[in-house]
Structures are given as structure tokens and as C-alpha cells.
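Below: the structure, in C-alpha cells.
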Amino acid sequence: MQCKIAARTVLLFGALTLVVGAAPTAGADNLKTITAGSLLVGSDQVYPPYDYVEDGVTKGFDAEVLAAIAPRLGVKVQFMDTRFANLIPGLQASRFDVIASAMYLTPARAKVVDYVAVAKTGGSLMVRAEDNFEPKKPEELCGKRVANLKGAAWVPELEKVSQSKCGSNPIDVKEFATSAEAAQALLSRGADVVFDDSGVSNAAVVASSGRLKITSTEILFPVVMGFAVKKGNDELLTRLQAAFAPLKSSDEYKAILAKYNLALPTDAEVSAALTESE
């Protein structure tokens, strides 16, 4: 998928609506949501290819999955464009029912949200195309300015690497509100490398017209992504799980995963993602 990486100016909780379901499924119980008949979804929509806006319509991986699930829930979907760092606070404040924004499963987040795991991905390292510095692993980032998405799950992982491997030459972790801003910092030489999701990095390379390149050769810090529901909202969690269960083994879902170069996580991988490391 080719899409522009330039940042868009948006209101913090500005709403963009996308209808992805038909009329409620016959015989389906009414699902209790913040707005009757609608599923309000928090999503950082400057994060292609997972979540972005094109011609006024929300598109990307999360939108496609919700388009397949919504008819099973008997609801319409309304996306609430929200910066990533504000998604969990927004969910806790009941501004929306669900987070669908390429959110990685972590033990810390699992203390305040419940997940429906939908895919597996990982990180990549990206530099300017003309650079001789071509890091393959996080251990090579000591002393470098590393741009990241604010609140990303791998930020604490990079800090662990810095503490254990870099000594007096630590990794300078820089966080940005959007992936587009992180990529722009790299292009303007405000950073030496970007650490971002592999799918996002691929989209950024395409959009850069040859100015950026990915240097890592394997997925770094493999992670599981999922939709997040507020702790205690057991009805919605159960309904989402029931709607997703038959979809995930279908040819339709296999095609969606293949389109975004993703995989379906195993139960063991989901469990591991939610387990505190020693």
C-alpha cells in the first residue's frame, strides 16, 4: 500500500466517521456501547499502513478488520482520531469503546485494558538512503539519536538495551507524536535512525521516494497487536472475541494479513506478550 507519510493537522479527539457494517444482524442482541448502535473506536490515524485517512475515509489494517467484524456485532463504526499516547487515557475516560490502532500487547497495558489479539508484527531500523551507518540490531544504537513514536512499546526495550550494553555512551531515545514526525526528524538530521513498526517503515520508505532505507534484516522485538477494551467491560470484550473467532481462520482474514505482511499470533505468543519478564 502506498500512502503519504506527511503529518496531518487534526483535533486531539476530532471524530472521523466510517460506516463499516450494514443493518444490525438479525436476532443479534443489542450491544451496549457509549452511543447506541455505534462502536466508537480510538485510533491514531497518522500511522499508515495500519491507520490513516484518505479522501476523508479511515483506511488501513484496523479499519479492514473492523469492517469484517462490525456486521457480526450489529453496529456501525465511528473512528475517533486520537494521538497514540492519549488512547488509553481516552478509553479509561469513556471517550470511546475500543482502541484499534496497531496497539501492541504489553503486561503494563494489560493492567488497565483487556485485549483481543489480532496480528503479529515487529520493529525495523530505518536511516537516510545516503548514510553509511546501517544498523542491524538495537545494540548498534549506542550514542545514536533514535526517533520513536511516543508511547511505543519498544521505547522501554531500547532503554533496557542502552542500560545493559551502552555504558557511558547511551542511546538517545527521542519520542515524537507521530511516525511521520519521527521520519521527518531523520530526514532533517535531527535523528540518526528511526525505530518503528516494520509495516510503517515499509510505507515510509515508499513514500520517501528513495530518501530512506531499512537496514535491519529481521523483525526486532516481535510483538502481538490487538484491539483494547476498558477493564470491566466484559460484555464488549466477550462479543468482540466471539465475532473475531470465526473470522481469524477464514480465507478473508488470511488475505488481510498477507496484504499487510502480518501473521496470526499463536496462543503461546499471546500469553508470552502478556507475561512480565524476569
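Each value in this text was obtained by applying a stated rule to the coordinates, not by laboratory testing. Fair warning: this is a prediction, and the values are worked out from it, not measured in the lab. Note that we place each Cβ from the backbone using ideal geometry, even for glycine, and neighbour counts take in every protein chain shown.
Assorted remarks:
- Counting only DSSP beta bridges with both residues in the chain, the antiparallel share comes to about 65 percent.
- Helix-only CD estimate at 222 nm, as mean residue ellipticity for the chain, using -39500 (n - 2.57) per DSSP H run (n ≥ 4): -8000 deg cm²/dmol
- Computed over the chain: relative contact order in percent, which uses C-alpha pairs under 8 Å that are six or more apart: 26
- Relative contact order of region 122-221, pairs being alpha-carbon contacts under 8 Å that are 6 or more residues apart, as %: 47
- At R0 = 45 Å, FRET efficiency that the Cβ-Cβ distance of D251 and N169 yields, to 0.05: 0.35
- Highest-fluctuation residue, A268, A117, A108 considered, GNM on the chain with Cα pairs under 10 Å: A268
- 10 Å binning of all Cα-Cα separations within region 170-239, expressed as whole percents from 0 upward: 15, 39, 23, 15, 7
- Net charge of neighbours whose Cβ lies under 11 Å from the Cβ of C166, counting Lys and Arg as +1 and Asp and Glu as -1: -1
- A straight line joining the Cα centroids of region 205-278 and region 111-133 runs 11 Å.
- Kirkwood analysis of the Cα pair distances in the chain returns a hydrodynamic radius of 19.2 Å.
- Spherically averaged projected area of the convex hull of Cα atoms, region 122-221: 5.5 nm².
- Environment charge of L40, counting only residues whose C-beta is closer than 13 Å and scoring Lys/Arg +1, Asp/Glu -1: +2
- The GNM of the chain, with springs linking C-alpha atoms under 10 angstrom apart, assigns the highest mean-square fluctuation among Y104, Y115, Y253 to Y253.
- Using the average count of surrounding beta-carbon atoms within 10 Å as a protection proxy, the listed peptides 52-60, 176-184 rank, highest first, as 176-184, 52-60.
- Cα-based helix-to-principal-axis angle, 198-207 vs the chain, degrees rounded to 10: 70
- Between L105, L257, L149, the Gaussian network model of the chain with springs among Cα atoms under 10 angstrom shows the greatest mean-square fluctuation at L257.
- For the listed peptides 80-88, 194-202, 156-164, a ranking on the average number of other beta carbons within 10 Å per residue, highest first, reads 194-202, 80-88, 156-164.
- In terms of distances greater than 31 angstrom between alpha carbons, the cross-link table entries K213/K259; K230/K254; K76/K174; K59/K174; K76/K160 yield K76/K174; K76/K160.
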